[in-house]
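Participant: Dropping a structure here in structure tokens format, bear with me for questions.
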Amino acid sequence: MERGRSRGRLAALVSFLSLSACYHHTYTLSDHDPEPTASFERWHDHFLFGSVDADDPIDVNGNCPVGGFRIEDRQTPLNALVAIGTLGIYTPRKEELVCVSPR
């Protein structure tokens, strides 16, 4: 009987881990190929499986006053582990703002 419970727990863990995934979104606002001049990186805090956003948006105008920019939003393997470790209560994502100089 105990062996069946262990298999059930293992199957639940494998299912849970297979449902979590990493992703990567990139948003670019520039009229030329981005050549990075400066960057800003942070963990963006979310709660309850990402449904509650707890941080302010990145201040693009304050960080990139001239030129275009690229914002990358991703869930890294470390972010996924933190989300799994908190059972989805805290689900961080990595955000990076890359400034682009005008040509």
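Participant: Can you pull out every residue in region 56-77 that is under 20 Å from VAL98 (Cβ atoms) and under 13 Å from the mean Cα position of the chain (by Cα)?
Facilitator: ILE71, GLU72, ASP73, ARG74, GLN75, THR76
Participant: Among the numbered criteria (1) buried (at least 18 other Cβ atoms within 10 Å of the Cβ); (2) free of Cβ contacts under 8 Å to residues at least 60 places away in the same chain, which single criterion is violated by ARG74?
Facilitator: Unmet for ARG74, out of (1) buried (at least 18 other Cβ atoms within 10 Å of the Cβ); (2) free of Cβ contacts under 8 Å to residues at least 60 places away in the same chain: (1).
Participant: So ALA80 passes all but one of these: (1) of a type outside the set (S, T, N, Q); (2) open to solvent by less than 80 Å² (accessible area, probe 1.4 Å); (3) closer than 13 Å to ARG42 by Cα; (4) not in a strand (DSSP E or B). Which condition number does it fail?
Facilitator: If we test ALA80 against (1) of a type outside the set (S, T, N, Q); (2) open to solvent by less than 80 Å² (accessible area, probe 1.4 Å); (3) closer than 13 Å to ARG42 by Cα; (4) not in a strand (DSSP E or B), just (3) comes out false.
Participant: Please work out which residue is modelled with the lowest pLDDT, limiting yourself to region 49-66 and to residues that are open to solvent by 90 Å² or more (accessible area, probe 1.4 Å) and farther than 30 Å from LEU81 by Cβ.
Facilitator: VAL66
Participant: Among the residues of region 89-103, how many are surrounded by fewer than 19 Cβ atoms within 10 Å (Cβ to Cβ) and modelled with pLDDT under 85?
Facilitator: Of the residues in that region, 3 qualify.
Participant: Regarding region 12-32, can at least one residue be identified that is at pLDDT 70 or above, part of a strand (DSSP E or B) and open to solvent by less than 50 Å² (accessible area, probe 1.4 Å)?
Facilitator: No: region 12-32 contains no residue that is at pLDDT 70 or above, part of a strand (DSSP E or B) and open to solvent by less than 50 Å² (accessible area, probe 1.4 Å).
The values are calculated or read from the model by the stated rules, or taken from the named source; none is laboratory data. This one's a predicted model, so the numbers in the text were calculated from it and none came from an experiment. We place every Cβ from the backbone using ideal geometry, glycine too, and count neighbours over all the protein chains shown. In case anyone asks, the SASA skips ligands and DNA or RNA and just uses the protein heavy atoms, side chains included. Shrake-Rupley method; radii C 1.70, N 1.55, O 1.52, S 1.80 Å.
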